[in-house]
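What follows is calculated from the coordinates using simple rules that are stated; it is not laboratory data. Predicted model only: the values in this text are computed from it and were never measured. We place every Cβ from the backbone using ideal geometry, glycine too, and count neighbours over all the protein chains shown.
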Amino acid sequence: MVKKDLLKIIGLFSFVLVLGCSTHTPTAQSSSEQWRMPAQSQTQFATDKLKFPTIYNVADFKGITFFTFMKETVKPSLDKYATEGFKVADSAQVIGVLKNVGQKVNKHAMADSGGQSKLAKLADTLNKKGETVTLYNLPDKIAETRIGKDRYGLSTFLALASGGGVAIRLDDKNYYYNVNYGTGKTDKDEMTGRSFGAGPIRDADDVSDKTYLGDLQEYVTTPNQDLTAFYKNLFQILLNCDPSLYSTISPLGQNVTTDFLAVYTAESDRHLMSNLRSHPWDEALLEVTLLSAFHAGQSKIMVMFDGKLRDTVPKQAPGGEPRTKMQQASMIDYWQFSSNPSPESKNRSGINVTRKEFRALEIAISKFERKNHPELVEKVEKHFAGVRTGGNVFAELSEYLINFKTPRQLGPSDLELANDMTEFLMQVKKDANEITQFAMTSQ
């Protein structure tokens, strides 16, 4: 395959957005068998319907950080699929999976293939050849069959339907599936991969940044939500691979958490491709997620835009295009197109595009709490020895969690940090309107 075609394929795999008590790594098969639920216990959105052959149960890794889990287990497994590949499943399995994914995935698979009968024919054609395929060569093999309209979209769906990747189990109602990730050794590999979250309110679906941020805002701004349990569960997973609090959160909260972890895994894998030297998209996702505590407490959602906290912002548009239409500010505005009009940049988008903006808000929040609740800030920051981010508590946490120097096992301090950081966020929520005024007068 010519390099030009290869780069085109890889680029089109990008997201539209998309820790162990024991020191051993369980084999994929033993972990999978351990967590298969009996048929009679299945509910509509409960178990691993896609039945990936490689599946890891996060709770099996309780005791190490999620970053360690990614570095030592998930990324090596994804790299193996990128190099060794998988075989395309037959039509029975592919059509079966089609019925067990979310509406978005189903719709795209139908549009990309031209209909269920054509999708079945494509699967059987590739399956009968018995060839091992990878994210790099599958689009060309699909094109050779002359079946379907979008070989790149079909490549992603066939990888999902064939179990050609790594599944992660959070609990019996929450899974996510990762396919078509490169290793980082090929140009543009950081743009590869898709992750699909499945939770108690829907089957596996491909979640964009915008969809995730909208769902997150809906969840945290719903009256009487127990956000303490939500954040503590998230921290316990990131610090200790401990998902034991999942069942204490509402179904929407579980889906939001699962979607976060699906996208976070994708961005973590890409960040690791560069040995953390570039693509810190996981940091951006984490920090904006934690800023939801601030927005949950605001009377009216206001976000930083062009260095100012405001309740209306320009509507997103690719670089070089006019941004004259205004809209009500929301957490979705943390996702933006690049404003750079150059051809290679104008269509780039993501949460990290707004790093300057959300970091400015984080600094304002940190300053307010340091002045008004210094004991809380001190409790949190005592965990971050050696981390220097100018007093930004949110950035200190992301740098601590996404760092080769952080111990793989945090011990008792993991629960202490989870409690301290949750307490800090709950105070931020309580102080949100005062922080808003403080940030506006400081502009």
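Note on Lys371: aspartates and glutamates with a C-alpha under 19 Å away, same-chain residues under 8 apart excluded, are Glu362, Glu381, Glu396, Asp420, Glu423, Asp431, Glu434. With each label modelled as a point 7 angstrom along the Cα→C-beta vector, the Asp187-Gln103 pair spans 4.1 nm. The alpha carbon centroids of segment 397-431 and segment 126-200 are separated by 34 Å. Karplus-based coupling profile of segment 376-384, in residue order and whole Hz: 5, 5, 5, 4, 6, 6, 5, 7, 9, with θ = phi - 60° in 6.51 cos²θ - 1.76 cosθ + 1.60 and x standing for Gly or Pro. Model label sites at Lys128 and Arg323, defined 7 Å from Cα along the beta-carbon direction, differ in position by 5.3 nm. Residue separation of Ser247 and Gln443 scaled by 0.36 nm, minus their Cα-Cα distance, works out to 66.4 nm of gained length.
Most tightly packed first, judged by the mean number of other beta-carbon atoms within 10 Å of their residues, the peptides 119-126, 427-434 read 119-126, 427-434. For the residue pairs Lys51/Lys149; Lys379/Lys405; Lys149/Lys315; Lys185/Lys356, the C-alpha atoms sit more than 25 angstrom apart in Lys51/Lys149; Lys149/Lys315; Lys185/Lys356.
Largest first and in whole Å, what are the equivalent-ellipsoid semi-axes of segment 106-184 based on the Cα gyration tensor, each being the root of 5 times an eigenvalue?
The equivalent ellipsoid of segment 106-184 has semi-axes of 23, 15, 11 Å.
Spatially, segment 247-297 and segment 333-361 are offset by 17 Å when compared through their Cα centroids. Modelled this way, with points 7 Å down the Cα-to-C-beta line, the labels at Gln116 and Lys356 are 5.1 nm from one another. Charges were assigned to the Cβ only: +1 to each Lys and Arg, -1 to each Asp and Glu. The resulting dipole of segment 330-443 about its Cα centre is roughly 400 debye. With bins 5 Å wide beginning at 0, the percent of Cα pairs of segment 85-131 falling in each bin runs 5, 24, 28, 25, 14, 4. Computed over the Cα atoms of the chain, pair by distinct pair, the Kirkwood hydrodynamic radius stands at 22.5 angstrom. Stretched out straight at 0.36 nm per residue, the stretch from Arg370 to Thr222 would grow longer than its current Cα-Cα span by 50.5 nm. Counting charges near Phe294 (Lys, Arg +1; Asp, Glu -1) among other residues having Cβ under 12 Å from its Cβ returns a value of -3.
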